[in-house]
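The values are calculated or read from the model by the stated rules, or taken from the named source; none is laboratory data. This one's a predicted model, so the numbers in the text were calculated from it and none came from an experiment. Positions of Cβ are generated from backbone atoms using ideal geometry, with glycine treated the same way; all protein chains shown enter the neighbour counts. All accessible areas refer to the heavy atoms of the entire protein, side chains included, with ligands and DNA or RNA removed. Shrake-Rupley method; radii C 1.70, N 1.55, O 1.52, S 1.80 Å.
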Amino acid sequence: MQKEADTAGNKYATWQMLRFVFGEVLHNRWILILNVVALTIITMLQFVIPQIEQFIIDSVIPKKDFSWLIGSTAVLLLTAVFLGLLNYFSVYYMGVLSQSAITGLRNKLYHQIIQLDTHFFESSKTGDLMTRLTGDVSNLQNLISSNMLSIIGNFFYFYRCLGLYFLR
């Protein structure tokens, strides 16, 4: 019975933590919206590159049309460069978003700790407090890092693949 209550309490605490963290992330919602738009474009470009390669292999090479080969290769290279730039900016701005949220979280934690009673500091070890705070903040930082962005991108990619699968 106690274990079920602890599990329910942990789920509630996890939900509270996620709401708090994503509330911090939403303070910079324009960066988040730009990242989602960039991820959508990145997902579409990841499907354009194989289509261009298929066109080159199936149509251009058998006909030995070198003007189309040069044009198609140029389009392929420009698409790859644009995809790389979008990936770079997406990861960069997700890092900015992550660092901003973590900085806000650390400031709130600092102000919360400063307001605690002195008895709390007398009964608690400073090293334990610091270890716990830095470890928890580090875990939250990993949650909202560029890995979160790649998870969102993988969802877009999966649904795009699923859509293409049912269209063919």
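Summary table
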read-out	value
Taking all pairs of distinct alpha-carbon atoms in the stretch 74-168, Kirkwood radius in angstrom	17.0
Computed FRET value (nearest 0.05) for residue 130 with residue 58, which takes r as the C-beta separation and R₀ as 41 Å	0.10
Rounded percent of accessible protein surface that carbon and sulfur make up, the stretch 20-88, 1.4 Å probe	76
Per residue accessible area of the stretch 48-168, 1.4 Å probe, in Å²	74
For the stretch 93-139, alpha-carbon Rg relative to the globular expectation (2.2 N^0.38 Å, N residues)	1.35
For peptides 76-89, 109-122, 38-51, sequence by mean Cβ density within 10 Å, most packed first	38-51, 76-89, 109-122
